[in-house]
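Starting off with a structure, shown below.
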Ligand SMILES: Cc1cc2nc3c(=O)[nH]c(=O)nc-3n(C[C@H](O)[C@H](O)[C@H](O)COP(=O)(O)OP(=O)(O)OC[C@H]3O[C@@H](n4cnc5c(N)ncnc54)[C@H](O)[C@@H]3O)c2cc1C
């Protein structure tokens, strides 16, 4: 089933119009967070699209969230500053207690609270999540957290963090995936009391950080879901994240193709439009085909997610295909724009750098292929 989100897409595209290339370039030059953009999205209710209506959201399906993100990216913008809210809050919706939902979801839906930080990756643990070393030890009414996260995006612009930490040491669990737990950390309480945040300079303006925990006391009622079952608790959210990122890639591809096709029709070299040359036209046509094929898988992944069935295979394939389609479109756009692809004013190079991330994060292409090889094709585990 493919829902029609045409009106939603048009409304988001309209909202994005004032946030043009100079807005995004200006933020990047200053290393700044897109506060005005996030505020506008929040006020329009788009960041609460997936929160159930009883908690103040719109209760829309994942595909609607995807349509919002796709429209942002197709406009030339970037949703990385705020997309996490759409999948991190899923852990609270699906695994939170009634009290946790009451306490947090309405405030997240209204925009009063930002749940943008997702602390999983550590310096020694990227692809192999089960090896993470951040410890949360129960002491009376609190968990005491020690350790470090890295690449915790938006940590400086979030009120809450969804944190994955080890609550049972690795040598005391039957399976490596056990003994991990999820906490909803109130960062407003924690800053300066055992939590420190250090921004990382990156090739894109992603507001990503290192986060250090030193005897940080987290109330026991911050535990989301069952103790020791944290990986299972966030896995559904990680699949949602992959599908939503795949929608962003579709948006990136649409941006590149729209801009490149227009330029290929306008720019004349040797007395004819460059789009008349097969060397320019064919890569664009191929990227278009790749994007439309990826779109089918992205929509299917969203549908399987919504049905409640395991969508691991579809979510991974959607992210793989869409990230590669966006990259192909980006490459074709770089060729089409020639030297002007490198001029910041054209917006192509920024988007090209931004879209490259999706072959690395939130899960790298190699790990997707390893998942498909093992879990879908039944080949021996490759790692
Ligand atoms: C801008 C940015 C934002 C991010 N935001 C967040 C965030 O908000 N929260 C968060 O928790 N994390 C975040 N991440 C982390 C991201 O999820 C990891 O970088 C990613 O999972 C890869 O982990 P790693 O960098 O440690 O690579 P590694 O695990 O060190 O792997 C390095 C390379 O080796 C490959 N490799 C490793 N093992 C195998 C194998 N067995 N077979 C084949 N290839 C293999 C990997 O695919 C990768 O290409 C972010 C990263 C970036 C760059």
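Please treat every number below as a calculation from the coordinates, not as lab data. None of these values were measured; they are calculated from a predicted model. Heads up, the Cβs are rebuilt from the backbone with ideal geometry, glycines too, and the neighbour counts pull from every protein chain shown.
Modelling each spin label as a point 7 Å along the Cα-to-Cβ direction, I'd like the residue 58/residue 98 distance in nm, to one decimal.
About 2.9 nm separates the two model spin labels.
Starting from the Cα-Cα distance between residue 198 and residue 340, subtract it from 0.36 nm times their residue separation and give me the gain in nm to one decimal.
That works out to 47.6 nm of additional length.
Quick one: divide the alpha-carbon radius of gyration of the chain by 2.2 N^0.38 Å and tell me what you get.
Taking the Cα Rg and dividing by 2.2 N^0.38 Å, one obtains 1.00.
Take the stretch 6-110, compute every pairwise Cα distance, and split them into 5 Å bins from 0; I just need the percent in each bin.
2, 12, 23, 23, 17, 12, 7, 3, 1
With everything on Cα atoms, drop me the angle between helix 21-30 and the longest principal axis of the chain, reported from 0 to 90° to the nearest 10.
50 degrees
What does the extension gain come out to for residue 267 and residue 39, with contour length at 0.36 nm per residue minus their alpha carbon separation? Mind showing how you got there, number by number?
Working: separation 228, 0.36 × 228 = 82.08 nm, distance 3.77 nm.
Value of the extension gain: 78.3 nm.
Continuing with this model, one more query. Averaged over all directions, how much area does the convex hull of the C-alpha atoms of the stretch 333-373 cover when projected, in nm²?
Mean projected area for the stretch 333-373: 3.5 nm², to one decimal.
Between residue 217 and residue 366, what's the calculated FRET efficiency when r is the beta-carbon distance and R0 is 35 Å? Round to 0.05.
0.40
Which whole-number percent is the relative contact order of the stretch 158-282 (Cα, under 8 Å, 6+ apart)?
21 percent
Hey, what angle do you get for helix 278-307 against the long axis of the chain, alpha-carbon based, 0 to 90 degrees rounded to 10?
Long axis of 278-307 versus the principal axis of the chain: about 30 degrees.
What value, in deg cm²/dmol to 500, does the helix sum -39500 (n - 2.57) over DSSP H runs of n ≥ 4 give at 222 nm once divided by the residues of the chain?
-15500 deg cm²/dmol
Still on this structure, please answer the following. Once you place label points 7 Å from the Cα toward the Cβ at residue 310 and residue 232, how far apart are they in nm?
About 1.3 nm separates the two model spin labels.
To continue, here is another question. Round to the nearest 10 and give me the degree value, 0 to 90, for the angle of helix 98-110's Cα axis relative to the longest principal axis of the chain.
Rounded to the nearest ten degrees, it is 30.
Arranged from highest to lowest average of other beta-carbon atoms within 10 Å per residue, in what order do the peptides 334-340, 163-169, 273-279 appear?
Output ranking for 334-340, 163-169, 273-279: 163-169, 334-340, 273-279.
On to the next question. With an 8 Å cut-off on Cα pairs and a minimum separation of 6 or more residues, tell me the relative contact order of the chain in percent.
It rounds to 15 percent for the chain.
Still on this structure, please answer the following. What distance in nm separates the two pseudo spin-label positions at residue 112 and residue 22, each 7 Å out from Cα along the beta-carbon direction?
3.8 nm
Still on this structure: Could you tell me the distance between the Cα centroids of the stretch 318-383 and the stretch 130-175, to the nearest Å?
Each part's Cα centre sits 30 Å from the other's.
Over the stretch 115-228, calculate the relative contact order: mean separation of alpha carbon pairs under 8 Å at least 6 apart, over the residue count, as a percent.
Rounded, it is 31 percent for the stretch 115-228.
Next up: FRET efficiency for residue 277 and residue 10, Cβ-Cβ distance as r, R0 = 41 Å, nearest 0.05?
Efficiency computed from Cβ-Cβ geometry: 0.75.
From the P(r) of the stretch 115-228, can you give the percent of Cα pairs sitting at distances over 20 Å?
Summing the P(r) tail past 20 Å for the stretch 115-228 gives 35 percent.
Here's something else I'd like to know. Round to the nearest 0.05 the FRET efficiency obtained for residue 176 and residue 356 when R0 = 30 Å and r is the Cβ-Cβ distance.
About 0.45, to the nearest 0.05.
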